[in-house]
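What follows is a single structure, written as structure tokens, with notes after it.
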Amino acid sequence: MARTLITGGLVITASDESHVDVLVDGGRVVGLATPDGHAWTADHVIDATGKYVIPGGVDGHTHMEMPFGGTYASDTFETGTRAAAWGGTTTIVDFAIQSKGGSLGEGLDAWHEKADGRCAIDYAFHMIMSDVNESSLREMDGLVSAGVTSFKLFTAYPGVFLSDDGQILRAMQRAGSNGGLIMTHAENGLAIDVLVEQALARGERDPRHHGEVRKALLEAEATHRVIKLSQVAGSPLYVVHVSAQEALAELARARDEGLPVFGETCPQYLFLSTDNLAEPEFEGAKYVCSTPLRPKEHQEALWRGLRTNDLQVVSTDHCPFCFKGQKEMGRGDFSKIPNGMPGVENRMDLLHQAVVDGHISRRRWIEIACAAPARMFGLYPKKGTIAPGADADIVIYDPAAEQTISAETHHMNVDYSAYEGKRVTGRVETVLSRGVPVIDNRAYVGRAGHGAYLPRGTCQYTN
Ligand code: URP
Ligand code: ZN
Ligand code: ZN
Ligand code: ZN
């Protein structure tokens, strides 16, 4: 395998920034040294002068080809991982799904069937538990040993994914003893269903009502509940897609008490709001996801949470549905709009824009997008950093390039962009996955099947 030398760039990790050259051999980083401190030769030299050299992004929350709301998320593992690479992400952790009445093992097999041999970048799985029972609880231990070390449980979507509090407690107890990490989708789904029914009866049928019925208080209530359940069980907790400042306040309080409680938010909650859900002509359907977009005031609280480490991770919850034919299923009834938004290609750029806008520092950008998710999901330091021994998942990032986000130019298999027309500063130039170019100077040179499945360790995040 070729030796690659990356010269002249500013290497940024979660803990350091320095002008050093990076030597890659055998798919791994083998050395970092100042330009005058080495005499390395290589088969391939990448001149990164004026550019950032950053770890490939780790997106800890995607749903490729997810069956949901009577249809399937429109990105396959092939198209979705290619788009991820275009956006500077080199690892995804997707959610395998246990079907009701099925086993965890069957769910996992089905996800391997979809993903294996098709990914452009490395991938791993969490497990969605939709049927917590004696047998699936027992199965959790084997999954943890085999590298599927995190389990998502829902207090939302009655009849589909919802687990009751007893089931959640049992899963948390099991995770407390086998080292697994429980992730929760925290919204009070039973209460929301009542509000949905009442809204529809009043003739409130547009996309914006999706945001109105899925109340911030019902996200906060469920967040409070799962925190208390995890405290009783003595297990760590990771709350996915936090969008309400009231829910964030629950996390912050628990962390102040010293509990191992972690939170994730997503670019859509940081950059979009209920104003988007209210776009006329059913355009608001493009922004229907759960938890829902919130009024703009919540954004400042989320940025603050990311700065103070009350939120540790930004993932995308990439779950794309085309406007034509898929989002349209909910015309005249917002409750039938498939929930989910595209974004796997946009996360690194949007968070760099947050650096430009002064919300976060450059190192914090790498922390929340690369290092923290790698630690959280047992992939560090193989992923999430640039250090000797780490996989050479490296992005050459041009911090001065200007671009306009658009469905015309994106690579996700979806007919709209949630950020259409947004100008951002910064762009991915070259992407290496284990030392192999996937994007080379803005050209896709990757291959479906290059991406390897990653069995994971347990959560390494401690503070
Ligand atoms: O709306 C969303 N988030 N769709 C994906 C499924 C989930 O709850 O994460
Ligand atoms: Zn969810
Ligand atoms: Zn999700
Ligand atoms: Zn090259």
Q | Given charges at beta-carbon only (K, R positive; D, E negative), |dipole| of region 56-376 in Debye | A | 440 debye
Q: Subtracting the Cα-Cα distance from 0.36 nm times the residue separation, let me have the gained length for Glu408 to Met1 in nm, one decimal.
A: 142.9 nm
Q: Quote the FRET efficiency, to the nearest 0.05, computed for His38 versus Gln460 with a Förster distance R0 of 35 Å and r equal to the Cβ-Cβ distance.
A: 0.70
Q. If you find the alpha carbon centre of region 263-313 and of region 12-53, how far apart are they in angstrom?
A. 36 Å
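If we count every other residue with Cβ under 10 angstrom of His126's Cβ, Lys/Arg +1 and Asp/Glu -1, where does the sum land? It would help to have the intermediate numbers written out before the result.
Values: positive: Lys152, Arg456; negative: Asp94.
That sum, taken over residues with Cβ under 10 Å, equals +1.
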Q. Separation between the Tyr72 and Glu204 pseudo-spin-labels, each 7 Å from Cα along Cα→Cβ, expressed in nm?
A. 3.6 nm
Q: Only bridges with both residues in the chain count here: give the DSSP antiparallel percent, nearest 5.
A: 45 percent
**Q.** Rounded FRET efficiency, nearest 0.05, which uses the C-beta distance separating Asp357 from Glu297 and R0 of 30 Å
**A.** 0.95
Q. Nearest 0.05, what FRET efficiency do Ser145 and Ala452 give at R0 = 22 Å with Cβ-Cβ as r?
A. 0.70
Q: Name the residues whose placed amide hydrogens come within less than 5 Å of the amide hydrogen of Ile128, ignoring near sequence neighbours (fewer than 5 apart) on the same chain.
A: Ala96, Ile97, Gln98, Lys152
Q: Count the net charge of all other residues whose Cβ sits under 10 Å from the Cβ of Val239, scoring Lys and Arg as +1 and Asp and Glu as -1.
A: -3
Q) Relative contact order (percent) for the chain, with alpha-carbon contacts under 8 angstrom and 6 or more residues of separation? A) 22 percent
Q: At 1.4 Å probe size, with no ligands or nucleic acids counted, give the accessible surface of His224 in Å², nearest ten.
A: 70 Å²
Q. What's the center-to-center distance, using Cα atoms, between region 415-445 and region 129-167 in Å?
A. 35 Å
Q. Long-range amide H contacts for Phe68: which residues qualify at under 5 Å (H placed 1.01 Å from N, peptide plane, sequence gap of 5 or more or a different chain)?
A. Ala73
**Q.** Distance between modelled label sites at Asp440 and Glu197, nm, 7 Å Cα→Cβ extension
**A.** 6.0 nm
Q: May I ask what percent, to the nearest 5, of DSSP beta bridges between residues of region 1-134 are antiparallel?
A: 40 percent
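The values are calculated or read from the model by the stated rules, or taken from the named source; none is laboratory data. Quick caveat, the model's predicted, so the values are computed rather than measured. Heads up, the Cβs are rebuilt from the backbone with ideal geometry, glycines too, and the neighbour counts pull from every protein chain shown. Note: accessible area is taken over every heavy atom of the protein model, side chains too, but ligands, DNA and RNA are not part of it. Shrake-Rupley method; radii C 1.70, N 1.55, O 1.52, S 1.80 Å.
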